[in-house]
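The values are calculated or read from the model by the stated rules, or taken from the named source; none is laboratory data. Just so it is clear, the structure is predicted and the values come from calculations on it, not from any experiment. Cβ: placed from backbone, ideal geometry, glycine included. Neighbour counts: every protein chain shown. Quick note on the areas: whole protein, heavy atoms, side chains included, nothing else; ligands and nucleic acids left out. Shrake-Rupley method; radii C 1.70, N 1.55, O 1.52, S 1.80 Å.
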Amino acid sequence: MQQYRNIVILTGAGISAESGVATFRDNGGLWENHRIEEVATPEAFAADPVLVHNFYNMRRAQLPNVDPNPAHFALAKLEAELDGGCTIVTQNVDNLHERAGSQNVIHMHGELSKLRCNVCLTVHDWETDCFIDTPCPACDQNALRPHIVWFGEMPFFMDEIYGLLRSCDLFISIGTSGNVYPAAGFVSEVMRLGNAHTIEVNLEPSEGASLFTECRHGKAGDLLPDLVDEIIMRD
Ligand code: NAD
């Protein structure tokens, strides 16, 4: 393995699976026993905001009960020890990367521990429950929603992410099924420019596995510590 100076790491639900956070595709399209259309679309929130708030309240309340696993800690070590840039672009809305010590994390699908006001657009850090009559601390309107990118909405930070993909020399995708765009297209964007090494780490070959130059299949918590040590040793 060569030396790398600009690493981009895409993570998905699979990296948090060993922490006890349910993945979405692994259980037949059910997410914590809800169909995705019932809880993760703007239409769902408009139709039944009580159900959607309850779903996210439940998931937010789970956060203190799950802990980062060896895969999260390995990525934090990589960022700390690499003599170059290392950015995690995560599709996950949990906070396990940060709690493992990673500082350079982009949450392209939002964060469970934040709410946004639909009126004044202020984003608030939030650890407790939210209800339809919870007022926005900034403007006092009852218009708070989860700061989550729902299906049909535009992911956050896309310009910044494509800039990173264009300049990276190593792209690693971890624990993502390759079904959800635009993240599923990141490896093609990196390969189109032709300069970066690309590695998939996943329990099984993902939809896009053949697009990567290297694949390592197994549990992220088993594979990541060794992969990170290989990268650091070359540094
Ligand atoms: P996904 O559920 O579609 O795919 C998860 C992938 O991880 C699968 O390919 C599976 O084989 C693999 N996997 C399972 N356990 C693994 C392990 N221990 N090690 C390595 N790989 C493992 O998830 P996705 O691709 O992230 O996309 C689904 C959407 O659901 C995303 O938008 C994501 O934001 C959201 N989601 C987030 C969380 C979270 O925040 N933790 C949890 C569930 C879903």
Of the peptides 41-49, 109-117, how do they stack up when ordered by the mean number of other Cβ atoms within 10 Å, highest first? 109-117, 41-49
With a length cut of 30 Å (Cα positions projected on each helix's long axis) and a Kyte-Doolittle mean of at least 1.6, go through the chain and give me the DSSP H helices that pass. none
Quick check of the Kirkwood formula: for the chain, what is the inverse mean of 1/r over all pairs of different Cα atoms, in Å? 18.4
Percent antiparallel among DSSP beta bridges confined to the chain, nearest 5, equals 30
Compute log10 of I(q)/I(0) for region 96-198 with the Debye formula, placing one identical point scatterer on every Cα and leaving out solvent, at q = 0.12, 0.13, 0.22 Å⁻¹, to two decimals. -0.54, -0.61, -1.20
Helix-derived mean residue ellipticity, 222 nm - over the chain, DSSP H n ≥ 4, -39500 (n - 2.57), to 500: -9500 deg cm²/dmol
Show E230, E189, E204 ordered by accessible area, largest first, where the area counts protein heavy atoms only and the probe is 1.4 Å. E204, E230, E189
Whole-Å semi-axes of the ellipsoid equivalent to region 164-235 (Cα gyration tensor, √5λ, descending): 19, 17, 9
Over the chain, what percent of the accessible surface lies on carbon and sulfur atoms, probe 1.4 Å? 49
I want to check the label-to-label distance for L203 and T41. Put each point 7 Å from Cα in the C-beta direction and report it in nm to one decimal. 2.6
Between E81 and M191, Cβ-based FRET efficiency (R0 30 Å, step 0.05) works out to 0.65
Give me the percent relative contact order of the chain, please, defined on Cα pairs under 8 angstrom at least 6 residues apart. 25
Accessible area per residue for the chain in Å², computed with a 1.4 Å probe and the full protein assembly in place, what is it? 47
Evaluate the relative contact order of region 139-235 (contact order divided by residue number), counting alpha-carbon pairs under 8 angstrom at least 6 apart; express in whole percent. 21
Near-label residues of region 139-167 by backbone N, under 14 Å of a point 7 Å along Cα→Cβ of H124: 139-147
